[in-house]
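Let me begin by presenting the structure, written as structure tokens, before commenting on it.
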Amino acid sequence: MTLMPLKLVPKLRGGTSLWIGGGLVALAVFVAVAAPLIARTDPVMDANLMNAEIPPGWEFPFGTDAQGRDIYSRIVYGARISLTVGIGSQILNSLIGVSLGLTAGYWGGWWDDFVTGLTNLMLAIPSLIFALAIMAILGPGLTSLLAALGLTAWSYSCRIARAQVLSLKSQGYIQAARILGYGDLRIMFTQVLPNILGPLIVIATLGMGTAILSEAALSFLGLGIRPPFPSWGSMLSEARDQINTVPWLSIFPGVAIFLTVLGLNLLGDGLRDILDPQSTTRRS
Amino acid sequence: MTGSLLKVDGLRIALASGQTTYNAAEDVSFEIGRGEAFGLVGESGCGKSITALAIMGLLKRPLSLGGGRIVLDGEEIQNASPAKMRALRGSRIGMIFQEPMTALNPLSPVGRQIAEMFVLHQRASWSEAMDRAEDALRQVHVPSPERRIKDFPHQLSGGMRQRVMIAIALACSPELLIADEPTTALDVTVQAEIIDLMAELCAAKGTAILMISHDLGLVANMCQRVAVMYAGRIVEAQPAEAIFAAPQHPYTQGLVNSLPRLGERSKRGQQRLREIAGVVPSIQAYPTGCRFNPRCPRASDVCLTTPPAITPLPADSLVRCHHHG
């Protein structure tokens, strides 16, 4: 009966959310890769005060900002930053989380206790606060953003990996591999890892959305990408004073963030339905 | 016996449970000659499977090696380093087990899983290893092996999977093959094929077999000598024919008598299948003296107090009973 309220929300079917999410993400990736081709002007250099704060229209589809730069072009280039941060930080998070979780689950003992303790510690600290601290130490910039977001959110993949390994360890073929003389590392990487990859991909995809939001938050707070380089978060940050007078400055970066994160979340959900047979949202 | 390959001497396996330690197996001694097929028979929980794990050096908490020696080809291996045991497993000792359904990695084509043995233990290149994997599949009579090597485990039947397991276990031509209930999960018709295949391949490669089973008939068919385990101890060891013709221990006699035989019913009329009265004692409550005494028709006062020692019999046989014969 506790599931009742869920039924009130019409649920996107696994296939649909996968396709919509995949489409949105593919669009974002395309925009980022093809930025020089589809941008109309240079996002940084083409400032022209004659064109300042022109509302969206035929000439400037998303309008221009106070320096007269084309918002559309800045959003197109901003996709590069957002996706680099999203993908880069999740690769880092997954590498750390999976190697810790895999070895902790497989070896157990004091190493497992240590990793579990460390994971709990990481989960106890709000990751945005942690990232803020790292940014404050390293200073603004893309590298520090990757470090701040890539070193702070690995606890989820670590816990998932560890739990999956624990349930897999008793499987016949893991035992068989030991009996056939496989070494620990070989078992971990050829027998265990491929079999737990599904949920980890889902976690990483969902984490990308979170990372993009965190990038926006950090840039909004002035700790991320430094102006004049365009990042969706820093554009929002610059626009906040004029949200009533020049709304298009904040609407379009906001929509870009919204669509990309929505796409990643839908993609993650869709992938979970495909990859995780235990998922409760799986279509029958 | 043409030279000893594996000698297990006074093996004791400890089971830690809270503060107390039980002996899951004790005083287990047997010897397997080169190319010999040796059977280890007993009920579930009698210690036969953990004996195999002890030989492989794979006992895990709460089980541990409590004592005794394991000698492979003249070399003591019970205290060998993990790296040495790893090199031994799969290359000199192969193993097949009960569940062919779960013993193969579901995400890896079977050919690759066989080939990995050559890469792992013989440093073969992958292309060479894949060729040899195809040969190995042909040897276990898998039809059209050139196509089957690309199949995933779920595309194969239980019997086929067990053939693949045999191919993996025998890939590096080990000196000893441990088969732990290799046919329990299979159809009776497939069982016979698998057993024949194992016997044929091991004879061709000169591989000795340690066959672990609860099926006395199966073991007696395949093996030259058979040991019977009960509650952690070997109670009798005899050549295979003798174990049927002249079982010495009351437990073995009970087992042999409880086997249904074709035509017996018509000979003896409406006689019921005989069973051994009682149940196997739990490890926490092994009786003092002979562990079979609560179920034994011949139990006397001495059986209740003194554990029987091993009595050697002619023809490499032994029995552990105060009143054998």
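Please verify whether region A:199-218 includes one or more residues that are more than 14 Å from chain B (Cβ to nearest Cβ), among the hydroxyl-bearing types (Ser, Thr, Tyr) and not in a helix (DSSP H, G or I).
no
Among the residues of region B:147-162, how many are more than 9 Å from B:Val110 (Cβ to Cβ) and modelled with pLDDT of 90 or more? Show your work before the answer.
First, the residues of region B:147-162 that are more than 9 Å from B:Val110 (Cβ to Cβ): B:147, B:154, B:157-159, B:162.
Next, from what is left, pick out any that are modelled with pLDDT of 90 or more: B:147.
Looking only at that region, the number is 1.
Please count how many residues of region B:86-103 are among the β-branched types (Val, Ile, Thr), surrounded by fewer than 23 Cβ atoms within 10 Å (Cβ to Cβ) and either under 16 Å from the mean Cα position of the chain (by Cα) or in a strand (DSSP E or B) (or both). It would help to see each step written out before you state the result.
First, the residues of region B:86-103 that are among the β-branched types (Val, Ile, Thr): B:93, B:96, B:102.
Now restrict to residues that are surrounded by fewer than 23 Cβ atoms within 10 Å (Cβ to Cβ): B:102.
Within this subset, residues satisfying the condition of being either under 16 Å from the mean Cα position of the chain (by Cα) or in a strand (DSSP E or B) (or both) are none.
Final tally of qualifying residues: 0.
Facing another protein chain (nearest Cβ under 8 Å) and either modelled with pLDDT of 90 or more or closer than 22 Å to B:Glu31 by Cβ (or both): is that true of B:Arg89 in this structure? Break it down stepwise before answering.
Details: facing another protein chain (nearest Cβ under 8 Å): yes; either modelled with pLDDT of 90 or more or closer than 22 Å to B:Glu31 by Cβ (or both): yes.
So B:Arg89 passes the test.
I'm trying to understand the selection: among the residues of region A:173-189, which are more than 7 Å from every other protein chain (Cβ to nearest Cβ), in contact (Cβ under 8 Å) with a residue 12 or more places away in the chain and not hydrophobic (A, V, I, L, M, F, W, C)?
Step one: filter region A:173-189 for residues more than 7 Å from every other protein chain (Cβ to nearest Cβ), giving A:174-175, A:177, A:184-189.
Applying the additional criterion that residues be in contact (Cβ under 8 Å) with a residue 12 or more places away in the chain yields A:174, A:177, A:184, A:187-188.
Hit for region A:173-189 is A:Asp184, nothing else.
When only residues in region A:20-35 that are exposed (fewer than 15 other Cβ atoms within 10 Å of the Cβ) and in contact (Cβ under 8 Å) with a residue 60 or more places away in the chain count, which is nearest to A:Gly263 (Cα to Cα)? Full working, then the answer.
To start, the set of residues in region A:20-35 that are exposed (fewer than 15 other Cβ atoms within 10 Å of the Cβ) comprises A:23, A:26-27, A:30, A:33-34.
Keeping just the survivors that are in contact (Cβ under 8 Å) with a residue 60 or more places away in the chain gives A:23, A:27.
Numbers: A:Gly23: 7, A:Leu27: 9 Å.
For region A:20-35, the residue satisfying everything is A:Gly23.
Answer yes or no: is there a residue in region B:103-112 that is within 22 Å of A:Val192 (Cα to Cα), at pLDDT 90 or above and among the aliphatic types (A, V, I, L, M).
yes
Taking B:Met165, is it buried (at least 21 other Cβ atoms within 10 Å of the Cβ), of a type in the set (A, V, I, L, M) and within 23 Å of B:Ala83 (Cβ to Cβ)? Steps first, answer last, please.
Details: buried (at least 21 other Cβ atoms within 10 Å of the Cβ): yes; of a type in the set (A, V, I, L, M): yes; within 23 Å of B:Ala83 (Cβ to Cβ): no.
In short, no.
Looking at A:Ser144, A:Ser170, A:Ser157, can you tell me which residue is within 14 Å of chain B (Cβ to nearest Cβ) and either more than 30 Å from B:Met165 (Cβ to Cβ) or not in a helix (DSSP H, G or I) (or both)?
Details: A:Ser144 fails: within 14 Å of chain B (Cβ to nearest Cβ); A:Ser157 fails: within 14 Å of chain B (Cβ to nearest Cβ).
Exactly one of A:Ser144, A:Ser170, A:Ser157 is within 14 Å of chain B (Cβ to nearest Cβ) and either more than 30 Å from B:Met165 (Cβ to Cβ) or not in a helix (DSSP H, G or I) (or both), namely A:Ser170.
Results for (1) surrounded by fewer than 18 Cβ atoms within 10 Å (Cβ to Cβ); (2) outside any strand (DSSP E or B), shown as yes or no for each residue.
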{"site": "B:Asp9", "(1), (2)": "yes, no"}
{"site": "B:Arg12", "(1), (2)": "yes, no"}
{"site": "B:Leu15", "(1), (2)": "no, no"}
{"site": "B:Asp27", "(1), (2)": "no, no"}
{"site": "B:Phe30", "(1), (2)": "no, no"}
{"site": "B:Leu53", "(1), (2)": "no, yes"}
{"site": "B:Lys84", "(1), (2)": "yes, yes"}
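Hey, among the residues in region B:107-118 that are part of a helix (DSSP H, G or I) and of a type in the set (A, V, I, L, M), which one's nearest to the other protein chains (Cβ to nearest Cβ)?
Within region B:107-118, the subset part of a helix (DSSP H, G or I) is B:110-118.
Keeping just the survivors that are of a type in the set (A, V, I, L, M) gives B:110, B:114-115, B:117.
Numbers: B:Val110: 12, B:Ile114: 10, B:Ala115: 12, B:Met117: 6 Å.
Here the residue is B:Met117.
The values are calculated or read from the model by the stated rules, or taken from the named source; none is laboratory data. Only a predicted model underlies this, so the values are computations on that prediction, with no experimental measurement involved. Glycine also receives a Cβ, built like all others from the backbone with ideal geometry; neighbour counts cover every protein chain displayed.
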